[in-house]
Amino acid sequence: MDEMKNNEMEKLYAETFQTIQVGALLHGRVIAVKPDNVIVDIGYKSEGYVKREEFTDEEVRTLRPGDPIEVYVEQIRDSEGVMRLSKERATKMKTWDVIEKALRENTPVEGRITEKTKGGMTVDIDGVKAFLPSSQIDTRIIRDLDSLIGRKMLFRILKVTSKRSNIIVSRRVILEEERAHKRVETLTRISEGALMKGGVKNITDYGVFVDLGGIDGLLHISDISWGRISHPSEFFTVGDEIEVLVLKYDQENDRVTLGFKQKHPDPWSNIAEKYAVGTRVKGKVVSITDYGAFIEIDPGLEGLAHVSEIDWSSRPKHPSKYLSVGETVEAVVLKVAPEERKLSLSIRQTKPSPWQLISEHYRSGQTISGKVKSITDFGAFVGLPEGVDGLIHISDLSWTKHIKHPSELLKKGQKVDAVILSIDPDREKIALGLKQLEPDPWIDKIPAQFRLGDEISGRVLKMTDFGIFLEMEGGVEGLIYSSEIVQPEDGAPLKEGDEITARIIRIDTEERKIGLSMRNVKRQDQ
C-alpha cells in the first residue's frame with residue numbers, strides 16, 4: 001500500500017518537473033503560515049514553501065490562506081523532497097523588468113534612499129539597489145544629506161549594465177524636468193504688480209532668492225520690511241513658502257525683482273497723524289544699543305528711546321540695565337520726522353519726574369541724608385532717594401578751613417547730612433551745603449574769640465608761595481603773609497606740622513579771613 005503511494009508521488013513530481021523549471025515565476029496561493037515558512041500552492045498538483053524570513057512581521061500578520069502570491073522557483077526538490085520558493089527573488093525579477101522598461105521608455109520609477117556611500121547615495125527600488133551619484137541628487141548643493149535618508153522619491157534610470165549588476169539613477173533630471181514644466185506655466189502668470197507664491201531657495205546677506213516655479217526671483221533685503229532689518233534670516237528660512245509682489249520683470253535678461261513689504265502700506269506715510277507728539281504708545285523692545293533702545297509700535301514701525309530718555313537719572317546706565325529684548329514697554333512720542341523715517345520716544349516721561357517729586361517734598365533749609373556718589377575738583381555729588389544728585393560745592397564744605405580739594409573731607413560712598421541751599425527743578429539742579437549744618441562762626445564766635453593784636457599759637461597746615469596757613473584754636477585757619485614770615489634763629493626751615501606763634505594783624509568777617517604776622521611777637525622774642 002505504502003509502495004503504491006510512493007509510486008504515485010514520484011509520478012506526480014515527475015509530471016511537475018517536466019512542466020516547472022528552476023528560475024520560473026509562478027502565481028500561487030497561500031495554504032498555511034508556519035513558524036519557519038509559508039506553504040504555497042502553485043498548482044500542477046504540487047506545493048512549495050517560502051522561508052518565513054522573507055516576510056516582514058506586518059506581512060505575516062496579514063497573510064491569510066487563499067491569499068495570492070507570486071514566487072520564484074529556487075529548487076524543485078530540496079533535501080526533504082519539497083519545492084523551495086522565494087518571494088524576494090520574484091519581486092526583484094519583476095522590479096528588474098520595471099527598471100528596464102523605465103530605461104527604454106524614459107519614465108520615472110519610485111525608490112527610497114537608504115544610506116550614504118562614497119560619491120553618492122544608495123536607492124532601494126522594490127528590493128533592488130541602485131546608485132545615486134552626488135551630482136545627480138539635486139539641482140543645488142544639499143548640505144545635510146542625512147535628511148534625505150528614508151525618503152521616497154522619483155528617479156530617472158540613467159544606466160543598467162547588461163548583467164543587471166549595476167543601476168545608476170538620477171533625481172536631478174526629474175527636478176529639472178519639473179522646473180522646466182513649471183517655468184512654462186509660471187511665464188503665463190508673471191507680470192509686474194502680480195502677487196505670487198514661491199519657496200525660499202537661498203538666503204544671502206543682501207537678500208532672498210525665491211523659486212516662483214521654474215523661475216528664481218530676488219527679494220532684496222531693503223524690500224523685506226518697512227522697519228529695521230539686519231539680516232534676511234530674521235524673517236525667513238530656506239524652504240519657507242511665502243507670498244511676494246513682482247516689482248520688476250526683465251524678460252530680456254530673465255530677472256525678476258520681488259517685494260515683500262510692499263504688500264502692506266508704508267507705516268511712515270501717515271505717522272504724523274497717527275502718532276502726534278505727546279501721544280502715549282505701547283511697543284516691543286526689538287533691539288538694544290549703547291545709545292538707546294529701538295521699540296516697535298506697529299509692524300515695520302520702530303522708534304528710538306535714547307539712553308537719556310529711558311531713566312530720569314542724570315548719569316543713566318547702559319540701556320540693557322533697564323530693558324530687555326522682547327519686553328513690552330510704554331513710551332511717549334517726542335518727535336516725528338516722516339521724511340527722515342525717524343521717531344523719537346521717551347520712556348522716562350511715562351513716570352513722574354523726580355524733580356517734580358523733589359520740588360514737592362523738599363524746601364530750602366531742610367536737612368537731608370545721602371551717600372556721596374562722586375567727587376570732582378569743584379565739589380561732591382550726593383545721591384538722594386528720588387534718584388537725583390545734589391551738589392555740595394567746595395565753597396560750602398567748611399566755614400573755617402581752606403579746602404583745596406573735596407576729597408580732603410569726603411570719600412565716595414560716605415553717608416553725609418547736608419542742608420538744601422536751593423532747588424531749581426527747571427534746570428534740574430539742587431545745591432547742598434555741609435558747613436550750613438552749623439551756625440556761621442564768623443558772625444559771633446570768631447569775632448569774639450580773636451581780636452587784632454592777639455598773639456596765638458597754631459600748627460602749620462600748608463606752605464604756599466603767598467604764605468603759611470596756620471590752624472588755630474577751634475580749627476580756624478589764618479594766613480601768615482609771606483612778607484610777615486620770620487625764619488627760626490637756628491636756621492631750620494619751617495615745615496608742615498610745626499607749632500609756631502603769630503600775631504593777628506587783620507580780621508575780615510565779610511571775606512572770612514584772618515591775617516597773621518610772625519614779626520614783633522613777644523613770645524618768640526622771649
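When you go through (1) among the charged types (D, E, K, R); (2) more than 29 Å from His27 (Cβ to Cβ); (3) in a loop (DSSP other than H, G, I, E, B) one by one for Glu115, which number turns out not to apply?
(3)
Being within 45 Å of the chain's Cα centre (by Cα) and in contact (Cβ under 8 Å) with a residue 60 or more places away in the chain narrows it down to one of Val382, Val388, Val372, Val416, so name that one.
On inspection, the qualifying residue turns out to be Val388.
Here is a yes/no grid of residues against (1) modelled with pLDDT of 85 or more; (2) surrounded by fewer than 18 Cβ atoms within 10 Å (Cβ to Cβ):
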| site | (1), (2) |
| --- | --- |
| Glu176 | yes, yes |
| Leu187 | no, yes |
| Ser191 | yes, yes |
| Val200 | yes, no |
| Thr204 | yes, yes |
| Val208 | yes, no |
| Gly214 | no, yes |
| Ser222 | yes, yes |
| Gly227 | no, yes |
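Residues in region 205-226: is at least one of a type in the set (Asp, Glu) and without any contact (Cβ under 8 Å) to a residue 12 or more places away in the chain?
The answer is no, given that none of the residues of region 205-226 is of a type in the set (Asp, Glu) and without any contact (Cβ under 8 Å) to a residue 12 or more places away in the chain.
Tell me, which strands (runs of 3 or more DSSP E) wholly within region 393-476 include 2 or more residues that are among the β-branched types (Val, Ile, Thr), surrounded by 14 or more Cβ atoms within 10 Å (Cβ to Cβ) and outside the structural domain of Val372 (by TED's automatic domain parsing)?
Correct list: 455-464.
Kindly indicate the residue of region 320-342 that is assigned to a loop (DSSP other than H, G, I, E, B) and of a type in the set (D, E, K, R) and also surrounded by the fewest Cβ atoms within 10 Å (Cβ to Cβ) among those meeting that condition.
Glu327
Could you figure out which of (1) in contact (Cβ under 8 Å) with a residue 60 or more places away in the chain; (2) over 27 Å from Ala380 (Cα atoms); (3) not in a strand (DSSP E or B) isn't true of Leu494?
Here Leu494 clears every test but (1).
What tally of residues in region 290-314 results from selecting those that are touching a helix residue (DSSP H, G or I) at 6+ places or on another chain (Cβ under 7 Å), part of a strand (DSSP E or B) and not aliphatic (A, V, I, L, M)?
1
Give the residues of region 231-273 that are of a type in the set (Phe, Trp, Tyr), assigned to a loop (DSSP other than H, G, I, E, B) and more than 20 Å from Leu301 (Cβ to Cβ), sorted by residue number.
Passing the criteria: only Phe236.
For (1) on the phi < 0 side of the Ramachandran plot; (2) surrounded by fewer than 15 Cβ atoms within 10 Å (Cβ to Cβ); (3) touching a strand residue (DSSP E or B) at 6+ places or on another chain (Cβ under 9 Å); (4) outside the structural domain of Thr464 (by TED's automatic domain parsing), each residue gets a yes or a no:
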site	(1), (2), (3), (4)
Pro488	yes, yes, yes, no
Ala492	yes, yes, no, no
Lys495	yes, yes, yes, no
Thr501	yes, no, yes, no
Ile504	yes, no, yes, no
Asp508	yes, yes, yes, no
Gly515	yes, no, yes, no
Met518	yes, no, yes, no
Val521	yes, no, yes, no
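Does Lys317 satisfy being part of a strand (DSSP E or B), touching an Asp or Glu at 6+ places or on another chain (Cβ under 9 Å) and among the basic types (Lys, Arg)?
It is false that Lys317 is part of a strand (DSSP E or B), touching an Asp or Glu at 6+ places or on another chain (Cβ under 9 Å) and among the basic types (Lys, Arg).
Could you tell me how many of the residues in region 305-319 are touching a residue at least 40 places away in the same chain (Cβ under 8 Å) and surrounded by 20 or more Cβ atoms within 10 Å (Cβ to Cβ)?
So the count comes out to 3.
With within 18 Å of Asn106 (Cα to Cα) and either touching a helix residue (DSSP H, G or I) at 6+ places or on another chain (Cβ under 8 Å) or outside any loop (DSSP other than H, G, I, E, B) (or both) as the only criterion, which of Ile168, Ile142 stands out?
Residue meeting the stated conditions: Ile168.
The values are calculated or read from the model by the stated rules, or taken from the named source; none is laboratory data. It should be emphasised that the depicted structure is a prediction, and the values quoted were computed from it without experimental measurement. Ideal geometry is used to build each Cβ from the backbone, glycine not excepted, and the neighbour counts take in all protein chains shown.
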